[in-house]
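Visitor: Dropping a structure here in structure tokens format, bear with me for questions.
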Amino acid sequence: MYSLVSLLTEWSYFTKDSEKYFAICYPFTDKPFLNGENNWAYKVFNFLIPIGFYGLFFLLISNVFKVFKQPKLFTQYGINQLRYFYLANLTLPWITILLASIFAGKIEEGLEWVAIIHFFLGVFIYFLAAIFKQGLLLQNEQDLYI
């Protein structure tokens, strides 16, 4: 949200190198911490969308961590959170790369490696979700016997 507000209002925002690049500064300072090319295709598809997807990534991973803090480990809620997390990791990085390559014309260097890492993370969480699903079935079956 801070990046979006800064880009739209030009608060804590400045350009450099004949307005070829931009920098977003830490709030209430002149020290830059987000840098990029100063064109709208780059700002939207290579800057804001990936930052937004990482915001979603951290929201989903926090929900996954909440699953492990529950008194009952194998629940439908836990399986759903794991499912959301692996689906996001398997799809969103590739969508980001596709949008950036179509609309911005290029992707950042190394972004395909980040997508591959997210793919492997998604596969790992998929297997974890399958284990949780099996655990829920066994737990429900055990509850029927009691």
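Visitor: Residues in region 52-73: is at least one under 30 Å from Asp17 (Cβ atoms), surrounded by 18 or more Cβ atoms within 10 Å (Cβ to Cβ), in contact (Cβ under 8 Å) with a residue 12 or more places away in the chain and not small (Gly, Ala, Ser)?
Guide: So the first thing to find is which residues in region 52-73 are under 30 Å from Asp17 (Cβ atoms), and the list is 52-55.
Going one step further and asking which of them are surrounded by 18 or more Cβ atoms within 10 Å (Cβ to Cβ), we end up with none.
Within region 52-73, not a single residue is under 30 Å from Asp17 (Cβ atoms), surrounded by 18 or more Cβ atoms within 10 Å (Cβ to Cβ), in contact (Cβ under 8 Å) with a residue 12 or more places away in the chain and not small (Gly, Ala, Ser).
Visitor: Being surrounded by 14 or more Cβ atoms within 10 Å (Cβ to Cβ), in contact (Cβ under 8 Å) with a residue 40 or more places away in the chain and under 14 Å from Leu56 (Cα atoms) is the requirement here; does Thr96 meet it? If you could, list the steps in order and put the result at the bottom.
Guide: Working: surrounded by 14 or more Cβ atoms within 10 Å (Cβ to Cβ): yes; in contact (Cβ under 8 Å) with a residue 40 or more places away in the chain: yes; under 14 Å from Leu56 (Cα atoms): yes.
Here the answer is yes, as Thr96 does meet what is asked.
Visitor: Say whether the condition of being part of a loop (DSSP other than H, G, I, E, B) and of a type in the set (D, E, K, R) is met by at least one residue in region 52-66.
Guide: Within region 52-66 (the criterion being part of a loop (DSSP other than H, G, I, E, B) and of a type in the set (D, E, K, R)), the answer is no, since none of the residues qualifies.
Visitor: Would you mind stating whether Ile79 is among the hydrophobic types (A, V, I, L, M, F, W, C), in a helix (DSSP H, G or I) and either over 17 Å from the mean Cα position of the chain (by Cα) or at pLDDT below 85 (or both)?
Guide: yes
Visitor: What pairs come out if I take residues in region 13-28 that are in a strand (DSSP E or B) and pair them with residues that are loosely packed, with under 12 Cβ neighbours inside 10 Å and charged (D, E, K, R) whose C-beta lies under 9 Å away, six or more apart or interchain?
Guide: If the second residue must be loosely packed, with under 12 Cβ neighbours inside 10 Å and charged (D, E, K, R), the pairs left are Phe14/Asp30; Cys25/Lys31.
The values are calculated or read from the model by the stated rules, or taken from the named source; none is laboratory data. Small disclaimer: the values here were computed from a predicted structure and weren't measured. Cβ atoms come from the backbone with ideal geometry, glycine included; neighbour counts cover every protein chain shown.
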